[in-house]
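**Q** Handing you a structure now.
The values are calculated or read from the model by the stated rules, or taken from the named source; none is laboratory data. This is a predicted model, so every value here is computed, not measured. A quick note on method: Cβ atoms are made from the backbone with ideal geometry, for glycine too, and the neighbour counts reach across all protein chains shown. For the accessible areas, the whole protein counts, side chains as well, though only heavy atoms, and no ligand, DNA or RNA atoms are used. Shrake-Rupley method; radii C 1.70, N 1.55, O 1.52, S 1.80 Å.
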Amino acid sequence: MSKYKNVVGLGIAGNFALHLSQAGELEEFKDIITDDESAPKGLFPFYLPSSTTQAKEILSTYPLSSDTIRLPKKAVNVQAEPEVGLICALEYSDGKLSKITPTHFGAYNDCSIRVAGAKKISDKKNWGAESKGFSSTLIDIDKFEQGGIMDSYSICSFLRRDGDISAYGEDVELNGYSYFYNKLTDWMLNQVLTQKDIGPLEPVNTYINACGNPQEAIISIGATRYTEYGETTFLQPKDEILVVLYDRNHYSIDAVTEKLQAKQYDNENMSVLAQNII
């Protein structure tokens, strides 16, 4: 999982209906006004490939793991956030970001500390090594638009505790995201170029420039809704969190659940992220 140490890591907040409310984060975004009521609230950095004086030092700590979440040393509540992670090619014109092209997608865990009153979103997102999750099984994107491979994919997630698995996030189609495909890439590019250091948000473009304009980014496109169990259940040592992207043309949710119960994680037309909590 160290292969992504030279990419910039960004996340999107508020790109799936009701998640911010479930996560107790609506108050943090009360002063963030968007032109479209359904638009995401903003971008946040979770990893910067080089240390920069413009951002917190912790953001230069590489947080990704494909098999482990290491809980913070201090006693805080931590929740998994099941998401889609995109590998994106970044293009620049005269030193300015000009194009974002998603090339691969996979199961992602935007694991987060639940604490009220955090100054910035990123304060809850990277607390050190193994604080984020990205599947080692990525799927090529033929075209990031309707009619492409992602049309038939869904996301689901489960928590294994004491040998039993329980649905953690809802089972939803990827096109349930508020912004997706071209609408999402257009929004991401504009947001990078225009987002200011205001409220919980940070000047992402300044950070990207300070990192030497990386050629790739990992962008997590927003957490989906929790089940009632997931909304009220925090991670504990010895748990296992499972995030799955699966092709509905090949699997039913029941078939996916059976494979997870049996710990069969290496499957065609599926990206599985299985992380042990320590």
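**Q** Scan segment 161-184 for residues that are open to solvent by less than 20 Å² (accessible area, probe 1.4 Å) and part of a helix (DSSP H, G or I) and report the count.
**A** 2
**Q** Right, another one. Do any residues in segment 43-63 that are over 20 Å from ILE198 (Cα atoms) have Cβ atoms under 8 Å from those of residues that are open to solvent by 20 Å² or more (accessible area, probe 1.4 Å) and among the aliphatic types (A, V, I, L, M), where the two are at least six apart or on different chains, and which pairs are they?
**A** SER50/ALA210; THR61/ALA129; TYR62/ALA129; PRO63/ALA129
**Q** Let me ask something else. Looking at segment 201-216, can you tell me whether even one residue there is aromatic (Phe, Trp, Tyr), modelled with pLDDT of 95 or more and under 18 Å from the mean Cα position of the chain (by Cα)?
**A** For segment 201-216, residues aromatic (Phe, Trp, Tyr), modelled with pLDDT of 95 or more and under 18 Å from the mean Cα position of the chain (by Cα): absent.
**Q** Would a scan of segment 29-44 turn up a residue that is crowded, with 19+ Cβ neighbours inside 10 Å, closer than 22 Å to GLU130 by Cβ and at pLDDT 90 or above?
**A** Scanning segment 29-44 turns up at least one residue that is crowded, with 19+ Cβ neighbours inside 10 Å, closer than 22 Å to GLU130 by Cβ and at pLDDT 90 or above.
**Q** Among all residue pairs at least 6 apart or on different chains, which show Cβ distances below 6 Å where the first residue, located in segment 1-14, is closer than 20 Å to SER136 by Cβ and the second is among the small types (Gly, Ala, Ser) and outside any strand (DSSP E or B)?
**A** Filtered contacts from segment 1-14: MET1/SER66.
**Q** Please list, ordered by residue number, the helices (runs of 4 or more DSSP H) wholly in segment 186-278 having 2 or more residues that are surrounded by 19 or more Cβ atoms within 10 Å (Cβ to Cβ) and in contact (Cβ under 8 Å) with a residue 24 or more places away in the chain.
**A** Hits in segment 186-278: 204-210, 253-261.
**Q** How do the strands (runs of 3 or more DSSP E) wholly within segment 95-158 filter down when requiring 2 or more residues that are within 16 Å of LEU10 (Cα to Cα), touching a residue at least 60 places away in the same chain (Cβ under 8 Å) and open to solvent by less than 20 Å² (accessible area, probe 1.4 Å): which remain?
**A** So the answer is 96-109, 132-134.
**Q** State all residues of segment 194-209 that are small (Gly, Ala, Ser) and within 15 Å of TYR92 (Cα to Cα); if no residue qualifies, say none.
**A** Across segment 194-209, there are no qualifying residues.
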